[in-house]
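Chemist: Here it is, the structure, as structure tokens.
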Amino acid sequence: MSISYNQLSFGKLLAVLKGAVVLPIKTSSAGRFGRISGKLTVKNKGEFVVGRNISFHAKPFPSSISVNKGAKLWVGDNVFFNYGLDIGCTMSIRIGSNTIIGPMVNMIDTNFHPVDIQDKSSSKAIEIADNVWIGRGVVILPGVTIGRNTVIASGSVVTRDIPANVLAGGTPAKVIREIEVPTDWIRRYN
């Protein structure tokens, strides 16, 4: 199923996607529904679960999410996705709460095609912890875990695990330095 959205609230999105995408919005008296602005295309044959207060800012460039049969894309609370997002989920991608995803970010949990005849690559889960900031143009490849509070610098290609509380960058991404993040501090976005 392929659907494009323009300026829809999650309440309207739920009505449009009934039976096609799992979107249990976790609400409380203080909770808010998320927002979609611009064009977001969702192709979901698996399970797509989002928390509360999720924002997709898909303009000036559209964003695309594809969840294959049997795969699960899980997004926590208070997550912001900027324009040009491309997520290809064939197995499992988990994005923690209070995470900021910059523009033109690509996440894929498989290589889709073998490099050569000996290539036995398969889908490998991606795990992004809470309070992470992914900069502009970052590519996150299969099997990667990014630790809590970490910042991934713009233009990086994440090919291996990145620990918590660091600034990482480069191609391939590696730790540049540790960052100071108090235990209860949450990175904000506007």
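What follows is calculated from the coordinates using simple rules that are stated; it is not laboratory data. Since this is a predicted model, take the numbers as computed values, not measurements. Positions of Cβ are generated from backbone atoms using ideal geometry, with glycine treated the same way; all protein chains shown enter the neighbour counts.
Chemist: FRET efficiency for residue 117 and residue 178, Cβ-Cβ distance as r, R0 = 41 Å, nearest 0.05?
Modeler: Working from the Cβ atoms, E equals 0.45.
Chemist: Quote to one decimal, in nm, the extra length available between residue 45 and residue 188 on full extension: 0.36 nm per residue of separation minus the C-alpha distance between them.
Modeler: 48.3 nm
Chemist: State the three equivalent ellipsoid semi-axes of region 35-185, derived from the C-alpha gyration tensor as the square roots of 5 times its eigenvalues, in descending order and whole Å.
Modeler: Ellipsoid half-lengths, sorted descending, are 22, 20, 14 Å.
Chemist: Take each of the peptides 37-47, 166-176, average the number of other beta-carbon atoms within 10 Å over its residues, and list them starting from the highest.
Modeler: Per-residue mean Cβ counts within 10 Å order the peptides as 37-47, 166-176.
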